[in-house]
Each structure stands twice: as C-alpha cells, then as structure tokens.
Amino acid sequence: MKQRNPIHPKRALPALLTLALLVIGGCGSQSDAGGTNTTGASGEPAAAQQTEKLSIMLDWYPNAVHSFLYAAKENGYFEKQGLEVDIQMPADTNDALKLVAAGKVDLALSYQPQILMARGEGVPVKSVAAIVRHPLNHLMIPEGSGIKSPKELAGKKVGYSSIPLYEAMMRTMTDNDGGDGQSVDMIDVGFDFIPAIATKRVDAIIGGFINHEQLLLAKEGHPVTAINPTEFGVPDYYELVLAASDEGLGKKRELFERFMAAVTEGQDYVEQNKEKALDVLFAHEDKTAPLDREIETRSLDILLPLMDAGDQAFGYQDAGSWAKVKEWLAENGLLSEEIKAEDAFVNL
C-alpha cells in the first residue's frame, strides 16, 4: 500500500515503454464482477472448465490491504472461477506497471494518479477496479507542535520522498488554506518518514499512510495529527487501484471479470471474518518485512470502510473521480491536458 511512488506509489515512471504482451485469450460470456458463479463460452461453471492462469503483482510487501487477495486464494474463490492466480511481490515498487505493460504480469496494484501519469508517458495501462477509494496518504504533524493547519507550515520543513506528486499535494493544501505553498521547505527524506519525525528533522511529513506510518509513529511514542488532503483542495483520489494493460484487456477481459468475482467474495470474507483473514495474511507475510499483528489489525479497521463502494460493486470506479484527478494533475504540471480521463479506466 505503499505505492511509494507517485502517490507513493516510489519514483516517477520513465517515458515510453515497449509492449511485448504475452497473453492467453479468454473468450466467452462476460461475468458480473459482483457475482460468484461465472460461466464461460460453453455455459459451464468457470471452475468446471480448464483452469486459466493469471498473475498479479502487489504494490508493496503483503499487508492488511491485500487480505482480500489472500482470502480469495486460500478459500478457493479463484479456483471456483476456474483461475490459478500467482500473487507476486515487486523487486522494486516502480516495477508493477512496467511489467503489466510489457506483458510480464497480467494485473498489478497501483494508484489512481500513477495510472494517469503513466498514460501521459505513453504507457498503455488502465485501472480496472478501485480497491481503496480514498487517500491513505495524509499530511502528518507531530502532536504538541502547535501547528494546526497546512498554512502554518509556510516557511517550515516538510519531509517527503522527492516525488513531485507529493510536493504538488503539499503546495495545494497550503495555498488552499490561505498560506504560501511556494514557501514550504520540502526536504527529501527518502522513505525514512518515521526517523524524520522522531528526530525533529522536519516539522511535518507528507507521503506517510494513516494505516501504516501514523500507527507506527504512535506505537513508538511519536503521535501525529493526520490531515486529509481532500479537506484542502486535493481531489478525493483512489489510493489503490487494480491495473491491466490495454492489450491484456482486449485478450483477457473475461478472465479479469472472473478474477473480480473471486476477489469480491474474498473482500466479503474479510469483512465478516477479520481475525481469520489476518491469520491467512500472516501465513503469507514476507519474512524480510515481518508484520505486527496489532498494527495490521488496526490497519484493517481503517481500510475496510475506505474500500466500501456502498451500493456499487466492489471495485466500482466513478468517471467524475477520474476527471477531477486528471484536471488537478494537469493544473499542477504533472499531466498533459491532452490525456483523456476516460481512457485511463474501465469498469468490468
């Protein structure tokens, strides 16, 4: 969930990528992403047909936000849809969209602004589902600092990971609050957000997530106040989305629809069985990045309401959201006006 590049999601994407998409065609009737009894061209249940393979690359190491994927795998929901799904971790957090565009993986978790900026670089990827529907990346200010709002950070130091998107967010928030965004001293702290706050190297940070850094800072005795960027002029973007390539959608859309049916069931399971879902997650934790049960439990409590699409199916995307994010990126010089928001997403 760290994207830790664009919207953390960790460094800007390079320019044009060459496509070498290797895909297995999926034909047949389209499934309802909200259902769980998909049928293929033969009319048979998907699970009764030949198993099809799909791969998905995470945005970061396994953590609470990925529980729906592991629940779908562990409980046989992918198998029921006739899918064998390989869940992979990126060697570098910038890799996911590159690998999707090159046909090396079928799907990847990414971030809404990153999808738009990737298309601006000529990378043919689309979002096929909104997973986390609101920002997790908040402005974080140490409690007791006396700073109450973004405008009070004018002339002060704000730590970030040298990502232009974060800088644009900070300046937007400060300007919208009546301060001078250009006077904020942006300090590159890499991804060492916690030490930067703990040692008072900076007066605030932007790029930390409310379901991770904020929880860890509090546990380590450095509580912070988190300010939602949407309250100060930043559009309410989808923090985490599921991405596919344009060509992959053309050839595997029916498989992706089955995938969404399975993960919808997985998300339902997580909502109803949080502790069991976390047990499944911990069985798949990356030993080089061990999880903290208390942190992941609290993280899941934060995440579930932000993943809820209400009356719409899990993963539903609103065209208005894409239009607003596109316009804001363009206004901040991060995207060409020529890029069309409607080209960046599709609802399965």
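The values are calculated or read from the model by the stated rules, or taken from the named source; none is laboratory data. As the structure is a prediction and not an experimental result, all values here were calculated from the model. Note: ideal-geometry Cβ built from the backbone for every residue, glycine included; neighbour counts use all protein chains shown.
Observations
- Which listed residue, of ILE147, ILE115, is part of a loop (DSSP other than H, G, I, E, B) and aliphatic (A, V, I, L, M): ILE147
- Qualifying residue in segment 271-294 (condition: β-branched (Val, Ile, Thr), over 24 Å from ASN137 (Cβ atoms) and crowded, with 18+ Cβ neighbours inside 10 Å): yes
- Residue that is nearest to LEU217 (Cα to Cα) [pool: residues in segment 156-178 that are modelled with pLDDT of 95 or more, among the small types (Gly, Ala, Ser) and outside any helix (DSSP H, G or I)]: GLY159
Rundown of residues vs (1) crowded, with 24+ Cβ neighbours inside 10 Å; (2) under 27 Å from ASN137 (Cβ atoms), yes/no style:
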{"site": "TYR61", "(1), (2)": "no, yes"}
{"site": "ALA72", "(1), (2)": "yes, yes"}
{"site": "GLN81", "(1), (2)": "yes, no"}
{"site": "MET89", "(1), (2)": "no, yes"}
{"site": "LEU109", "(1), (2)": "yes, yes"}
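- The set of residues in segment 59-87 that are closer than 21 Å to GLU257 by Cβ and either assigned to a loop (DSSP other than H, G, I, E, B) or within 17 Å of the chain's Cα centre (by Cα) (or both) comprises HIS66, PHE68, LEU69, TYR70, ASN75, GLY76, GLN81, GLY82, ILE87.
- Checklist (1) assigned to a helix (DSSP H, G or I); (2) small (Gly, Ala, Ser); (3) farther than 24 Å from ILE87 by Cα applied to GLY266, failing item: (3)
- The residue of segment 285-312 that is nearest to GLU257 (Cα to Cα), among those that are touching a Leu at 6+ places or on another chain (Cβ under 9 Å) and assigned to a loop (DSSP other than H, G, I, E, B), is GLU285.
- Top-ranked residue in segment 179-199 [being modelled with pLDDT of 95 or more and part of a loop (DSSP other than H, G, I, E, B); ranked as surrounded by the fewest Cβ atoms within 10 Å (Cβ to Cβ)]: ASP180
- Residue list for segment 200-235, restricted to those being buried (at least 17 other Cβ atoms within 10 Å of the Cβ), outside any helix (DSSP H, G or I) and charged (D, E, K, R): ASP203
- Every test in (1) in contact with a Cys (Cβ under 9 Å, 6 or more places away or on another chain); (2) at positive phi is passed by GLU254 save one, and that test is (2).
- Which listed residue is of a type in the set (Ser, Thr, Tyr) and surrounded by 24 or more Cβ atoms within 10 Å (Cβ to Cβ), from SER145, SER127: SER127
- Filter result for ARG258 (touching a strand residue (DSSP E or B) at 6+ places or on another chain (Cβ under 8 Å) and in a helix (DSSP H, G or I)): yes
- Test: residue in segment 264-274 that is polar (S, T, N, Q), within 30 Å of ILE147 (Cβ to Cβ) and more than 20 Å from the chain's Cα centre (by Cα): no
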